[in-house]
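J.: Supplied in structure tokens, the structure appears directly below.
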Amino acid sequence: MSDTRVKFTLAEDEIPTTWTNLLPDLPGPPPPPPLHPGTKQPVGPDDLAPLFAPGLIAQEVSPEPEIEIPEAVREAYKLWRPTPLYRALRLERELDTPAHIYYKYEGVSPPGSHKPNTAVAQAYENSVAGIRKLTTETGAGQWGSALAFACRLFDLECEVWMVGSSYDQKPYRRSMIETWGAAVHRSPSEVTEAGRSQREHTTGSLGIAISEAVEVAAQNADTNYSLGSVLNHVLLHQTVIGQEVIAQLAIAGEEPDTVIGCVGGGSNFGGLAIPFIRRVLAGDAKTRFIAAEPAACPTLTRGAYAYDFGDTVGMTPLMPMYTLGHDFVPPPVHAGGLRYHGDSPLLCGLVKAGLVEPRAYRQNETFEAAVRFARTEGIIPAPEPAHAIRAVIDEAASAREAGEARVILFGLCGHGHFDLSAYDAYLAGELEDPEFSETDMDAALQRLPEAPALT
């Protein structure tokens, strides 16, 4: 056997005890605040109270650099955390690169993704607040299944609106959601006024599904809304990922030169990258950060930096972010979890400051990368992290051309067991490369809400 170590694991007592809050570290003036959609004034705790538990609101705006993880949440984390870090030796040999490639594998959680890291935290805070039910949206189904799982742990009801194209493509994600006791609707649905108003968009979108979930939560005092990405408290909960990696890479005796993650709303990328970004902001590292997104929904690479609604109908606060326009409906891609018109304001600020480099990839080139990874490392990736793998392969080629043994870290945030129909299409040469419509984006950007300009 080779002496080179492949898997780096931690003990349960090494699960992080705090979440990493990047807000106090951000350089320059305070980031622009979310605005009330009616008054256009900064959103305060009272504005968020109809939808979110008090504990989550406090986390959303906290100035503290570290926030303690409740013991009940850490106890639930023990079901799958700490997650393993792998050295991708076989992929390195396949790519003939001097780079050392590591991946943090979040597919070992019960729902098979990173999403339970925040789902469990949100379900806990809502249970403490006496809430009976949570509503949410889901794209590819990973977030919906994670919240259904978390609600089961804390004895809450759960109702999910699943984006229509993914509802059709991924029937077994629906089965997971229902197995854990939650109700799931195809969005746009006939259940809500928001859904009925968007009937013509038959494939649906995350923006539409958000509108439906928010509508139901806002109308019922015992029901709150739960979001799987975008907001500060969601990215906060995911930082257990990066904190564990720091400890695991210390065992390996390495520091990452480049950190790569896929991006839809920002939670997976943020969870991996934020602890490392803190080091860069403190002057203790020179790590590069790459955010990989779909070319069919290129929010960070093609969007406008402006205030926009987080949903399609216009029920949420105005968020300062890169956006394709809140009523832009991206073409259906198998990476349904990345099919969102906006992004986390925190992540968008990092992109605008030049700390994070966004890249967009087409569907077929991401599946080519996924198959190459599966044939070397064994794990069949979900379509979402396949975008990160595509960027890893590009970076490994760059290291080979430069003759440099760079250290590349990426997040493998799920598995592709429920995406095999997409793999069938790719292997048969029948997978499409959906086209991004600049005309549709320009039209959607013309309909942005009136709000202060962002510089």
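J.: Residue-wise, which Karplus ³J(HN,Hα) couplings in Hz belong to the stretch 24-31, taking 6.51 cos²θ - 1.76 cosθ + 1.60, θ = phi - 60°, and x for glycine or proline?
T.: Result, rounded to whole Hz: x, 8, 5, x, x, x, x, x.
J.: Per the Kirkwood definition applied to all pairs of different Cα atoms, how many angstroms is the hydrodynamic radius of the stretch 289-341?
T.: Every distinct Cα pair counted, the radius reaches 11.5 Å.
J.: Follow-up. Please state, to two decimals, what the Cα-based radius of gyration of the stretch 181-298 comes to when divided by 2.2 N^0.38 Å (N = residues).
T.: Relative to the rule-of-thumb radius for its length, the stretch 181-298 sits at 1.40.
J.: Hey, could you pull the Cα Rg and Dmax for the stretch 234-385, both in Å?
T.: 16.0, 50
J.: Between Asn220 and Arg302, how many nm apart are label points set 7 Å from Cα along the C-beta direction?
T.: So the label points at Asn220 and Arg302 sit 3.8 nm apart.
J.: What is the total of Lys pairs in the chain with C-alpha atoms under 25 Å apart, excluding same-chain pairs fewer than 8 positions apart?
T.: 14
J.: Rank-order 231-238, 266-273, 57-64 by packing density, defined as the average count of other C-beta atoms within 10 Å over each peptide's residues, highest first.
T.: 266-273, 231-238, 57-64
J.: Using a simple charge model, +1 on the beta-carbon of Lys and Arg, -1 on the beta-carbon of Asp and Glu, nothing else, what dipole does the chain show about its Cα centre, in debye to the nearest 20?
T.: The dipole magnitude comes to about 520 debye.
J.: Picking from Ala49, Cys262, Gln198, whose Cα lies most toward the positive end of the charge dipole for the chain (charges on Cβ: Lys, Arg +1; Asp, Glu -1)?
T.: Cys262
J.: So how many Å³ per residue does the convex hull of the Cα atoms of the stretch 13-54 work out to?
T.: Dividing the Cα hull volume of the stretch 13-54 by its residue count gives 112 Å³.
J.: Hey, could you pull the Cα Rg and Dmax for the stretch 81-234, both in Å?
T.: Rg then Dmax for the stretch 81-234, in Å: 17.6, 58.
J.: Also: Can you give the % of DSSP beta bridges in the chain that are antiparallel, to the nearest 5?
T.: The antiparallel proportion sits near 35 percent.
J.: Work from the charge dipole of the chain (Cβ charges, +1 for Lys and Arg, -1 for Asp and Glu, about the Cα centre) and give the residue of Thr179, Pro317, Asn224 farthest towards its positive end.
T.: Comparing the listed Cα positions along the dipole, Thr179 ranks first.
J.: Here is a follow-up. Under a plain spin-label model, where a point goes 7 Å from the Cα along Cα-to-Cβ, how far apart in nm are Arg375 and Gln41?
T.: 6.1 nm
J.: Need one number for the chain: average projected area of the convex hull over its C-alpha atoms, nm².
T.: Approximately 20.3 nm², given one-decimal rounding.
J.: For the stretch 85-134, with the dipole built from +1 on Lys and Arg beta-carbon atoms and -1 on Asp and Glu ones, taken about the Cα centre, which of Leu91, Ile131, Ser113 lies farthest toward the positive end?
T.: Of the listed residues, the answer is Ile131.
Readers should treat all values here as calculations from the given coordinates under stated rules, not as data from a laboratory. Remember, predicted model here, so these are calculated numbers, not experimental data. Counting neighbours? That spans all protein chains shown, and the Cβs are built from the backbone with ideal geometry, glycine included.
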